[in-house]
Structures are given as C-alpha cells and as structure tokens.
Amino acid sequence: AWTPPLVARLLTPAVAWHKCTDAELCAVDGAPPEVQARRRAGLAALARRAASLEGPRSRELSELLRHLADGRFTDNRLLPQSLRRLSAARHAVESDGPYLVDADGRRTLDCSGSDGANVHGYNFYKACVAEGNDRIAKLGPNVLGPLHPAAADVLRFLRELSGLDEVSFHSSGAEAVTAAVQLCRFNTRRRLVLAFDAAADRGSLSELGGVLRCSSLDA
C-alpha cells in the first residue's frame, strides 16, 4: 500500500530547482536598471576585494580544503548561488570577540556563521569551555556512559527554564532538530515534513521518511 512518506519521496523530484543568476538577484525587487547595474558592480567588486585579501598561506589552505566534502556541502546548502564565489573563510587559527584570524594573520569580522558569535562573541564561549574543562578534568571528556555531576546542574536549570519534566542533551543542532521533528510526529500523528534546502541543520532530516524537500530561490 502507498503511504504518505512514499508519496512524498516520489514527488520530491518534481519540486522546482532554480539557480538564481546575478541579474535575477539584483532585479528581484524590480529595481530600476541603473540600480541593478550598481548592484552587479558591487558584487563583482566585493568578490575581487575578498580574493585580494587572502595571503599565500591562506590561499594554499583554501585550495587544499576544497577537497574536504564537508565545506562544499555547507556552501552549497547554505550560501546563495551568487555569493558562493566570495572568499568565505575555510580556516582560522584564532578567534577574538566577533573576529577570526587566518593563517596569514588577517583579522576579519565573522558574519557568515558561528551562531554563538552573534550573541556573545567567541571569548565568552572560550571561557565557558575552559571552565567546563577544568570542572571535568579529573574525569576526562571521553568517558562514555557515566555523567559528571555538572550535568545535573545543567539538567536542573533546563527543567526550570522549560517547565518540563524531562529534557534531552544533543551534541549538534542537526540531532536536536531531528529529535524535535520526531517528537512532533509522535504527538501530532502527522507523517509528512516540509524541509527547505537552505535551512540550517536540516541535513539530518533526510534520514527520516516522509520528508518533502523544497528548494529555495537559489539553493
């Protein structure tokens, strides 16, 4: 018998797939031709400037890291087609507040990722990691099964914050999204999920049945 997940999988290839060109991107709001021309010139100038800022060590590392599938997957899923030519940092040796430092010492403002940096900056999280590591130093980070008492402190706080009897720890956003979708399915009895390709942490949803993928304008 045909089930909704099977139907969704059959319909997925029929969902429109479109790559937005520079001309379409700059004209998406119906701007006058002269404004569109300035936008295209601005994008081209930004790409040239980004490429010129890369030092020799950074260019070498960027070329090497192109062979890492993870980076290409992230760029293809989360960056609009017209912005993928920009020289987004694929490596960093140091962080300071909202800034990243590359192998050539170039200091840039991180506005392309690292959600936590958008809230507190990196220094706050580095201090949290250092404090947490000090607390569990005698146990070590690679003990599987038994939990450090610090986990109870976090559990107590999350229960008070959420008002729920139970919480769940996850090691990544993708795992958290998958768990949340499964809970929603169980409680609503709905079996279909609509997932946008360019949405963060939606990659793991492909492991679930009944996921109908919807491409964004230029995903």
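The values are calculated or read from the model by the stated rules, or taken from the named source; none is laboratory data. Keep in mind that this is a model prediction, so the values were computed, not measured. With ideal geometry, Cβ positions are generated from the backbone for all residues, glycine too; neighbour counts draw on all protein chains shown. Side chains included, ligands, DNA and RNA excluded: accessible areas come from the protein's heavy atoms. Shrake-Rupley method; radii C 1.70, N 1.55, O 1.52, S 1.80 Å.
Note down all Cβ pairs under 9 Å where the first residue falls in region 132-146 and is assigned to a helix (DSSP H, G or I), the second is aromatic (Phe, Trp, Tyr), and they're at least six residues apart or on different chains.
Within 9 Å, no pair qualifies.
One line per residue, one yes/no per condition, for (1) exposed (fewer than 11 other Cβ atoms within 10 Å of the Cβ); (2) under 25 Å from the mean Cα position of the chain (by Cα); (3) under 24 Å from Ser95 (Cβ atoms):
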site	(1), (2), (3)
Ile136	no, no, yes
Asp153	no, no, no
Arg159	no, no, no
Ser171	yes, yes, yes
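Can you name the residue in region 155-213 that is over 29 Å from Asp70 (Cα atoms) and polar (S, T, N, Q) and is also modelled with the highest pLDDT among such residues?
Filtering region 155-213 for residues that are over 29 Å from Asp70 (Cα atoms) and polar (S, T, N, Q), the one modelled with the highest pLDDT comes out as Ser162.
(1) at pLDDT below 85; (2) in a helix (DSSP H, G or I): which one isn't true of Trp17, the others all being true?
Against the list (1) at pLDDT below 85; (2) in a helix (DSSP H, G or I), Trp17 comes up short only on (2).
Note down all Cβ pairs under 8 Å where the first residue falls in region 55-76 and is more than 22 Å from Gly105 (Cα to Cα), the second is open to solvent by 100 Å² or more (accessible area, probe 1.4 Å) and at pLDDT 70 or above, and they're at least six residues apart or on different chains.
Listed by first residue and then by second, the contacts come to Arg72/Arg66.
If a residue has to be on the phi < 0 side of the Ramachandran plot and assigned to a loop (DSSP other than H, G, I, E, B) to count, how many in region 152-192 make the cut?
Result for region 152-192: 12.
Just to be sure I understand, how many residues within region 44-58 are modelled with pLDDT under 85, surrounded by 14 or more Cβ atoms within 10 Å (Cβ to Cβ) and either in contact with a His (Cβ under 9 Å, 6 or more places away or on another chain) or charged (D, E, K, R) (or both)?
1
How many of the residues in region 48-66 are in a helix (DSSP H, G or I), more than 22 Å from the chain's Cα centre (by Cα) and of a type outside the set (Ser, Thr, Tyr)?
7
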